[in-house]
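Chemist: Right, I'll just put the structure down here and ask away after.
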Amino acid sequence: GAVVSQHPSRVICKSGTSVKIECRSLDFQATTMFWYRQFPKQSLMLMATSNEGSKATYEQGVEKDKFLINHASLTLSTLTVTSAHPEDSSFYICSAPLGESQTYIQYFGAGTRLSVL
Amino acid sequence: DQQVKQNSPSLSVQEGRISILNCDYTNSMFDYFLWYKKYPAEGPTFLISISSIKDKNEDGRFTVFLNKSAKHLSLHIVPSQPGDSAVYFCAAIKFGNEKLTFGTGTRLTIIP
C-alpha cells in the first residue's frame, strides 16, 4: 500500500487564488520531504526540500514566496501555491525517504494536478 | 546540465520479450541509482535500485545493470507484460545530499 499520501489529487482554481497541497507520511516519520513539479512529457524537477523544524531549501529558480512550504510535523508537509496563475498549472508530487537504513529510496505521493483558469 | 539522461523517449516491445531501458549519467560521484515506474496522473513507484559498487541487481522480472566505466545503467524486464506499459525514470543520488536527480523518462509500451 501507499506509504506517502498526497491530497488533493486534483485542483481547479481561478487565477489569483491560493492552493494548499498536503503530503503525509503514513506510519513513518519523515524529517525531510521533497516537492517536485512535472510538466507534460518532461522529467520530474525538484522544487524544494522540506525540513521539519526549519526552513525549506529551494532549488535555483523556484520562488519561495510563490511556493510556500511548511513542514508542520514529522508526518506532514504542505505546499501552498500563492496567487496561482495559469503558468502554475502543473503536476505536483511529493516524496519522502522511508527510513534511516535506506534514505536513498524515496517514496512518492500520487501527485496533485493543478489547473489554474 | 542534465546529469542523468534517457536518450530514448519511447520503446515498444512485444509481450513476453525482454524490455531494455537505458540510462546514462555524467556525474561519477553518484552513490546509488534507482528506477521508477510512473503511470499517468500518478506518482512514481520505486522498482529497483543498485549501489555504485555493484554491477548487477536482480528482483524478480527486473534486473538492473551498471557499467561505471561507461557511466551507463540499464533496466531489463523479462518477460514483459502488458501491465509494464508506463513511463520509466532512472534516478541517481549522492549520499549526503538526499536529492534525487531524474532522467527524462522512457515510455514503454508492451504490445500484446
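The values are calculated or read from the model by the stated rules, or taken from the named source; none is laboratory data. Since this is a predicted model, take the numbers as computed values, not measurements. Here the Cβ is made from the backbone with ideal geometry for all residues, glycine too, and neighbour counts use every protein chain on show. Ligands, DNA and RNA are stripped out before the accessible areas are found, and what is left, the full protein with its side chains, is counted by its heavy atoms. Shrake-Rupley method; radii C 1.70, N 1.55, O 1.52, S 1.80 Å.
Chemist: State whether one or more residues within the range A:64-75 are among the basic types (Lys, Arg), touching a Ser or Thr at 6+ places or on another chain (Cβ under 7 Å) and more than 21 Å from A:Ser5 (Cα to Cα).
Modeler: Checked against the condition, which is being among the basic types (Lys, Arg), touching a Ser or Thr at 6+ places or on another chain (Cβ under 7 Å) and more than 21 Å from A:Ser5 (Cα to Cα), the range A:64-75 yields at least one hit.
Chemist: Follow-up. Output the residues belonging to the range B:65-109 that are among the polar types (S, T, N, Q) and either free of Cβ contacts under 8 Å to residues at least 40 places away in the same chain or touching a His at 6+ places or on another chain (Cβ under 6 Å) (or both).
Modeler: Within the range B:65-109, B:Asn67, B:Ser69, B:Ser85, B:Asn97 meet the criteria.
Chemist: Another one. Of the conditions (1) without any contact (Cβ under 8 Å) to a residue 60 or more places away in the chain; (2) more than 14 Å from chain B (Cβ to nearest Cβ); (3) more than 25 Å from B:Val4 (Cα to Cα), A:Glu63 satisfies every one except a single condition; which number is it?
Modeler: Of the numbered conditions (1) without any contact (Cβ under 8 Å) to a residue 60 or more places away in the chain; (2) more than 14 Å from chain B (Cβ to nearest Cβ); (3) more than 25 Å from B:Val4 (Cα to Cα), the odd one out for A:Glu63 is (3).
Chemist: Something else now. Which of (1) in contact with a Ser or Thr (Cβ under 7 Å, 6 or more places away or on another chain); (2) away from chain B (no Cβ under 11 Å); (3) farther than 14 Å from B:Gly43 by Cβ is the odd one out, the single condition A:Ser25 does not satisfy?
Modeler: (3)
Chemist: Given the conditions (1) free of Cβ contacts under 8 Å to residues at least 40 places away in the same chain; (2) within 11 Å of another protein chain (Cβ to nearest Cβ); (3) more than 21 Å from B:Leu34 (Cα to Cα), and given that A:Met45 satisfies all but one, which numbered condition is not satisfied?
Modeler: Only one criterion is unmet by A:Met45, namely (3).
Chemist: Scan the range A:95-111 and tell me whether some residue there is open to solvent by less than 50 Å² (accessible area, probe 1.4 Å), on the phi > 0 side of the Ramachandran plot and within 14 Å of chain B (Cβ to nearest Cβ).
Modeler: Yes, the range A:95-111 contains at least one residue that is open to solvent by less than 50 Å² (accessible area, probe 1.4 Å), on the phi > 0 side of the Ramachandran plot and within 14 Å of chain B (Cβ to nearest Cβ).
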